[in-house]
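What follows is calculated from the coordinates using simple rules that are stated; it is not laboratory data. Since the model is a prediction, treat every value here as computed from it, not as a measurement. Every residue, glycine as well, gets a Cβ built from its backbone with ideal geometry; the counts of neighbours run over all protein chains shown.
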Ligand SMILES: Cc1ncc(C[n+]2csc(CCOP(=O)(O)OP(=O)(O)O)c2C)c(N)n1
Ligand SMILES: [Mg+2]
């Protein structure tokens, strides 16, 4: 009983108590970490996954779909647990998601001795705060620092590593811990005046909203500013659903695949106003055309002039920034409408109609194997979009879904994609469902993606997290066909296989394999009914090796 001797409960109980004070109602984790047992004793629901990465993805979604009002927390063991969790934390760091990560650590006498995995040393580059506790008495201070960092400033993961021998020690009572404050910082008023002047002067401004708008819950102000300026709005993939895409001024979202109105309006723009975005260079974000006046509003000065030089800058919370801009722009316009909203809306409408007409053969295709576009189109017209949270996976499903899915409500789309790990979407849908049990939570993925995290569909069943998983099985890594021609011909290196509906059923979930176009909608309806009964559903659509996506030169 070496381990039993090492683990005391006192320190773990203190951590659990602090999590409670911070409003954490469930702890996602994987053994062995004594915080899990202590959390259960403190009536914090413990959710055990099949691998650490998925648990982190779940914690990630909890924070995302609550604008960080609830922080996802994940605990794992020292050594293999901390090693295996790395991908999930790296993913959250890449997309700037605020989560708390609580690895165990090797005993203090071994913590810095190779080859023991030291989280404090290894996670420093993918967290905004990373600390190893060296004595139990430091636990409340360490967690106060971590929660303060995760709740303030730029969202990003924080980590506190607790060596397993520290768990043997006791913390004196009473525990001095009050929940970390959450506060905001606003933009420089001088810069607000400058930017408002630039926005008012611009002839063809485009607003580009990032996920900062989600974290600031600044959706109403974004809309006010757009309507005041009579300017069209797009979003980053992470910011998708910050602006209703059914609004006449919506250009749809950015991403790798985009709509024709977005392409056109960006080309024609004289000024692009990015708010709550990083303007990071990425394959999965729309590139800003050269020669435009760039106005950049961001929480983190580290993003300013990083990939895209800005003519004007605003540093601060997106909500405070938009509040200030709305007031300033309103002042300058003196109640005079710009008089261009109708023309902008008409132009968007006609470009969109032309673009959709071009895609309609795929979106309504009656082919077999099924077109993934047809499945997406049918899904869009079958679910209650306003009460659905949907996410994609890496690869083709992202680029097939994002241009055509039109969110109407904030935080109903979990868009992501700076770093794009296959298999991410499943955990996201599960985390979203935990945070919003009343919503239909859907992940759309390919058969390569399910190979990474599919086993955690069992977690959805066991932990009663009734998501709807939409799988495109084309028995291939279709997106790689172009770059693996010889390997495919000689060694069939892009082929993959599996019967995933059977897998879902074997795990106790609902699973259906769908191959006929006429069966798409009925199958979706049956699956949704199952989720309402508390049973996760996996619909495996047999799809074509579709590689065409909506891109423009
Ligand atoms: C962990 C990880 N490894 C590798 C990749 C690179 N990658 C992106 S998409 C893809 C294949 C996607 O295949 P599938 O999910 O079946 O979609 P399809 O293109 O067939 O529709 C690969 C290998 C990745 N995104 N993540
Ligand atoms: Mg595939």
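Of note:
- Ordering 161, 512, 83 by the number of other Cβ atoms within 10 Å of each residue's own Cβ, fewest first, gives 83, 512, 161.
- Remark: 201, 101 ranked as 201, 101, counting other beta-carbon atoms within 10 Å and listing the fewest first.
- Euclidean distance between Cα centres, the stretch 483-503 to the stretch 60-74, Å: 36 Å
- Each principal axis of the Cα cloud of the stretch 254-382 was evaluated for its coordinate range; sorted largest first, these ranges are 54, 37, 30 Å.
- Inter-probe distance in nm under a simple model that places probes 7 Å from Cα toward Cβ, at residue 367 and residue 290: 3.6 nm
- Under 15 Å from the residue 358 label point (7 Å along Cα→beta-carbon), backbone N, the stretch 243-257: 257
- Rg over Rh [alpha-carbon atoms, Kirkwood Rh] for the chain: 0.99
- Point-to-point label distance, residue 182-residue 197, nm (Cα→Cβ direction, 7 Å offset): 3.7 nm
- Counting neighbouring beta carbons within 10 Å and listing from fewest to most, the residues 247, 296 come out as 247, 296.
- Pair residue 69, residue 311: separation of 7 Å Cα→Cβ label points (nm): 3.8 nm
- Cβ-Cβ distance of residue 48 and residue 125, R₀ of 25 Å, FRET efficiency by 1/(1 + (r/R0)^6): the value works out to about 0.35.
- A straight chain from residue 190 to residue 268 at 0.36 nm per residue would run longer than the Cα-Cα distance by 25.2 nm.
- Pairwise centroid distance, computed over Cα atoms, of the stretch 248-282 with the stretch 392-418, Å: 15 Å
- From helices alone, the chain scores -11000 deg cm²/dmol at 222 nm; the rule is -39500 (n - 2.57) for each run of n ≥ 4 DSSP H residues, then divide by the residue total.
- Between residue 384 and residue 110, residue separation times 0.36 nm minus the direct Cα-Cα distance comes to 93.2 nm.
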